[in-house]
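K.L.:
First the structure, then my questions, so here it is.
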Amino acid sequence: MKKYFLISNYKILNHRPEINKIDIFKYKEYDMWTCALNEIEPFIINTYDFSEYIFILKPKDILSSTVSNIIPFLPNKKIKHFVIKGSISIREKQEILYILNADLDLSCKIYFSFT
């Protein structure tokens, strides 16, 4: 069974991830573990042995200093889903794809959402 870790500062399905707290909520038949996007200790996250990571972000989260909180997850070869919410230009999309190394790292799945 897959074990998902959702990382976001934004409310999703009536659940708001908390800073420095790993929480859990049910989505369909899955347990979704959550935490707010802040400095997360990779060693602690690795002890949970998550199958996949899900990031729900806004472009400013990647195009600003907040990206430093995402960088520790990039070398991990587990599947990483990045949902980027908000209207952005083609240039910004290209920059986001470059920052996340999506052209070389096939474990990164990028989704652009306008809602």
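Throughout, read-outs are computed from the coordinates displayed, never taken from laboratory work. This one's a predicted model, so the numbers in the text were calculated from it and none came from an experiment. Using ideal geometry, Cβ is built from the backbone for each residue, glycine included, and neighbour counts are taken over all protein chains shown.
K.L.:
For Ile99, put the label point 7 Å out on the Cα→Cβ axis and report which residues of segment 4-39 keep their amide N under 16 Å from it.
P.N.:
8-10, 37-39
K.L.:
Here's another thing I want to ask about it. Give me the Debye-computed log₁₀ of I(q)/I(0) at q = 0.16, 0.19 Å⁻¹ for the chain, equal point scatterers on Cα only, no solvent, two decimals.
P.N.:
Here log10 of I(q) over I(0) equals -0.72, -1.04.
K.L.:
If you fit an axis through the alpha-carbon atoms of helix 90-99 and take the longest principal axis of the Cα set of the chain, what angle between them do you get, 0 to 90°, nearest 10?
P.N.:
Around 50 degrees separate the two axes.
K.L.:
For segment 56-109 and segment 2-50, what is the separation of their C-alpha centers, rounded to whole Å?
P.N.:
So the two Cα centres are separated by 17 Å.
K.L.:
So what is the relative contact order of the chain, in percent, for Cα pairs below 8 Å that sit 6 or more residues apart?
P.N.:
23
K.L.:
Right, another one. Put a dot 7 Å past each Cα toward the Cβ at Leu63 and Glu39; how far apart are the dots in nm?
P.N.:
Distance between label points: 2.6 nm.
K.L.:
In the chain, what % of DSSP beta bridges are antiparallel (nearest 5)?
P.N.:
Among the beta bridges of the chain, antiparallel pairing accounts for roughly 20 percent.
K.L.:
Taking amide hydrogens as modeled 1.01 Å from N in the peptide plane, which residues meet the under 5 Å criterion relative to Cys108, leaving out close sequence neighbours?
P.N.:
Lys80
K.L.:
How large is ³J(HN,Hα) for each residue in segment 35-43, as worked out from phi by the Karplus curve 6.51 cos²θ - 1.76 cosθ + 1.60 (θ = phi - 60°), to whole Hz, x for Gly and Pro?
P.N.:
Karplus-based 3J(HN,Hα) across segment 35-43 equals 7, 6, 6, 8, 5, 10, 6, x, 4 Hz.
K.L.:
Can you give the extra length, in nm with one decimal, that the chain gains between Tyr30 and Phe112 once fully stretched, where that is 0.36 nm per residue apart less the Cα-Cα distance?
P.N.:
27.2 nm
K.L.:
List the trypsin sites (Lys or Arg not before Pro) within segment 53-107 that fall in a DSSP loop (any state other than H, G, I, E or B) and whose Cβ has at most 16 other Cβ atoms within 10 Å.
P.N.:
Lys77, Lys78
K.L.:
For segment 59-76, what does the Karplus curve 6.51 cos²θ - 1.76 cosθ + 1.60, with θ = phi - 60°, yield as ³J(HN,Hα) per residue in whole Hz, taken in order and with x for Gly and Pro?
P.N.:
Whole-Hz 3J(HN,Hα) from phi for segment 59-76: x, 4, 5, 9, 8, 10, 5, 4, 4, 4, 7, 8, 3, x, 7, 5, x, 5.
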